[in-house]
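The values are calculated or read from the model by the stated rules, or taken from the named source; none is laboratory data. Just so it is clear, the structure is predicted and the values come from calculations on it, not from any experiment. Reconstructed Cβ throughout: ideal geometry from the backbone, glycine too, with neighbour counts over all protein chains shown.
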Amino acid sequence: MKKKITVLKGDGIGPEIVDEALKVLDKIGEKYGHTFEKDFVDIGGASIDKYGVPITDEGLERCKDCDSVLLGAVGGPKWDVIDPAKRPEKALLKVRSELGLFANLRPTRMFAQLKNASPLKETGIKDGLDLMIVRELTGGIYFGEHKTYEENGETIATDLMLYSEHEIERIGRVAFETARKRGKKVHSVDKANVLDSSKLWRKVMHRLAEEYGDVEYSDILVDNTAMQLVRNPSQFDVIVTENMFGDILSDEASMLTGSIGMMPSASLSSTTLGMYEPIHGSAPDIAGKNIANPLGTILSVAMMLRYSFDMIEEADAIEKAVDDVLTAGYRTGDIAGNDENVKKVTCSEMGDLVCSYLS
C-alpha cells in the first residue's frame, strides 16, 4: 500500500522526535511492504523565520493534499514577542479548521513499567489507567469572537464560546463509537450549572445517549472531573468535552502517567484524513541535545496507521515494540527517574531501539 504523508517537523525538539518517528514508519514500510511518501512543510516559528507567516497558503494546501499529517511541535520564546495574529500556534488552529479536524483523541495509558513515575499514590492507580479523552477541536471559545476594547476609561476583553447542535452531535458520536470499542462507558464533561453552551451540550448528549443504549452514560461537571482524575482516574473510560475544557483536562490526565512525553494524539476529520502529534510542546530548553523522548511521536504514528490507514496489525506492532523496549529497561531522561537499574538512552537511540524490536 502507498500513502502520502505531509510532515510538519516544527520547532524546538519537533525535528528530533519526528525524525525518530519516521525511522519507525520506514521500518513498518519495509516489514509490511508499504510505501510512505513524505512531503515536508514548514510550520510555526520555522515558517515565520522563512516566510513571515506560521504556515503559508501553499503549505496548507499540501496538508490537504495527502493521506495524513504528522506534526512535531511548534512555538518557543523566540516568537513570543511578535504580533499575536502571527504566533506559531495560529498555524495549528488554521490547519485544524481548514482540514476539518474536529475530533481530538488523546489516549492516556499507564505503562506498567512506568508506574513508579506517576505522581499518584499506588491506591489511586491500583486498577491501572487506560482512558480516552475525546475533545472537540474546531469550536468553542478558541474559535469564537475575541474582542478587546476601551470603555469608561478601562480596557475590557471578551471571548465568545459558541457551539451549534451539529458540532456537539458529531463529537458526541465519535465518543460513543469510541466507547463501543473500549469499555462502553462515556462521561460527558460540561459546566451546565452556569453556561448556556453547556446546557445545549448536555441536551444533545442526552439525546445521543438514548440512541447508544448499550453505552453507560454520565454527566459530570468540569471541576469535578479535574478532581476525580486525581482521586480515582480508573473510573473513566471515554471522556468527551468541549475545546477549552478538553485542552486543560487532557494535559492533567497525561501527567498521571508520569511523563507528558509518552502521550500521542489524533485529530480526526469526517474523512480518513487526520493529523497526528505528541501532546507535549516544543521544549526549546532541550532542543538539539538529543535527549527528548520520541515515544509520544512514535505512538502517534501508530495512531495514524490505525485510524487513517486501517493498518491495525502494523499499529499493534509499534505499540508492542514500545512496550518491549520499556520492559527491557530502556528509558530517556524524562522517564528514567532515580532507578539505577534502567538503561538511559538518547532520543535517537530510543528510535533505533523501537526499530530493532520491530525486526
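Details
- Pro284 vs. criteria of a type outside the set (A, V, I, L, M) and assigned by TED's automatic domain parsing to the domain that holds Gly10: yes
- Residue in the stretch 254-266 that is at pLDDT 95 or above, assigned to a helix (DSSP H, G or I) and within 30 Å of Val189 (Cα to Cα) present: no
- When the residues of the stretch 237-253 are filtered to those that are acidic (Asp, Glu) and closer than 24 Å to Ile43 by Cβ, the one that is modelled with the highest pLDDT is Asp247.
- Strands (runs of 3 or more DSSP E) wholly inside the stretch 19-114 that include at least 1 residues being in contact with a strand residue (DSSP E or B) (Cβ under 8 Å, 6 or more places away or on another chain) and among the basic types (Lys, Arg): 35-40, 103-109
- Long-range neighbours under 9 Å by Cβ, at least six apart or interchain, first residue over 19 Å from Ile17 (Cβ atoms) within the stretch 322-347, second assigned to a strand (DSSP E or B): Ala328/Lys343; Gly329/Lys343; Gly337/Arg331; Asp339/Arg331; Val342/Tyr330; Val342/Arg331; Lys343/Tyr330; Lys343/Arg331
- Pairs, first in contact (Cβ under 8 Å) with a residue 12 or more places away in the chain and among the polar types (S, T, N, Q) in the stretch 276-301, second assigned to a loop (DSSP other than H, G, I, E, B) and surrounded by fewer than 18 Cβ atoms within 10 Å (Cβ to Cβ), C-beta under 6 Å, six or more apart: Asn290/Thr346
- Test: residue in the stretch 136-154 that is part of a helix (DSSP H, G or I), of a type in the set (A, V, I, L, M, F, W, C) and within 19 Å of Leu93 (Cβ to Cβ): yes
- Residue satisfying all of: in the stretch 7-53; closer than 20 Å to Asp80 by Cα and of a type in the set (Val, Ile, Thr); surrounded by the fewest Cβ atoms within 10 Å (Cβ to Cβ) among these: Val53
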